[in-house]
Amino acid sequence: MPLKISFLKISDILTPSLAIGHAIGRIGCFLNGCCYGKETNSCFGVSFDNCHSVHPTQIYESIILLIIFFILWKFSKIKKFDGQVFFLYMILYSIIRFSI
């Protein structure tokens, strides 16, 4: 007999784990040297090909995703309706992805 749990309820349960998994995945992008940002002369720049220094956007995004994880974790305890944690993740991640 199948369980009758709504998609939004399951999404709320899994979304904080998705955020932390995403943060770990972005560290993998950094180790691989892909998805980097614009050239820079700042102290935050890293060099993947020894030719120029670029912003490590993978690390920026990973740190912000860890912050989002803690926000979602706290928010999941006070949510008002099913799907709210999932929608909050989608909104926050869209904002940081656009910004970075």
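Before moving on, here are some points about what is shown:
- Looking only at residues in segment 60-74 that are crowded, with 17+ Cβ neighbours inside 10 Å and free of Cβ contacts under 8 Å to residues at least 40 places away in the same chain, the one that is farthest from Leu31 (Cα to Cα) is Ile64.
- Qualifying positions in segment 36-49 - open to solvent by 70 Å² or more (accessible area, probe 1.4 Å) and either aliphatic (A, V, I, L, M) or closer than 23 Å to Tyr93 by Cβ (or both): Tyr36, Lys38, Phe44
- Of all the numbered requirements in (1) surrounded by 14 or more Cβ atoms within 10 Å (Cβ to Cβ); (2) touching a residue at least 60 places away in the same chain (Cβ under 8 Å), Ser6 misses one, and that requirement is (1).
- Any helices (runs of 4 or more DSSP H) falling wholly within the chain and containing at least 3 residues that are touching an Asp or Glu at 6+ places or on another chain (Cβ under 6 Å): 7-32
- Count of segment 15-55 residues, restricted to those that are in contact (Cβ under 8 Å) with a residue 24 or more places away in the chain and closer than 30 Å to Gly83 by Cα, is 11.
- Within segment 78-98, being over 18 Å from the mean Cα position of the chain (by Cα), within 13 Å of Leu8 (Cα to Cα) and either hydrophobic (A, V, I, L, M, F, W, C) or open to solvent by 90 Å² or more (accessible area, probe 1.4 Å) (or both) holds for Lys80, Phe81.
The values are calculated or read from the model by the stated rules, or taken from the named source; none is laboratory data. Quick caveat, the model's predicted, so the values are computed rather than measured. Glycine gets a Cβ as well: all are built from the backbone with ideal geometry, and neighbour counts include every protein chain shown. Remember, those area values only see protein heavy atoms, side chains included, never the ligands or the DNA or RNA. Shrake-Rupley method; radii C 1.70, N 1.55, O 1.52, S 1.80 Å.
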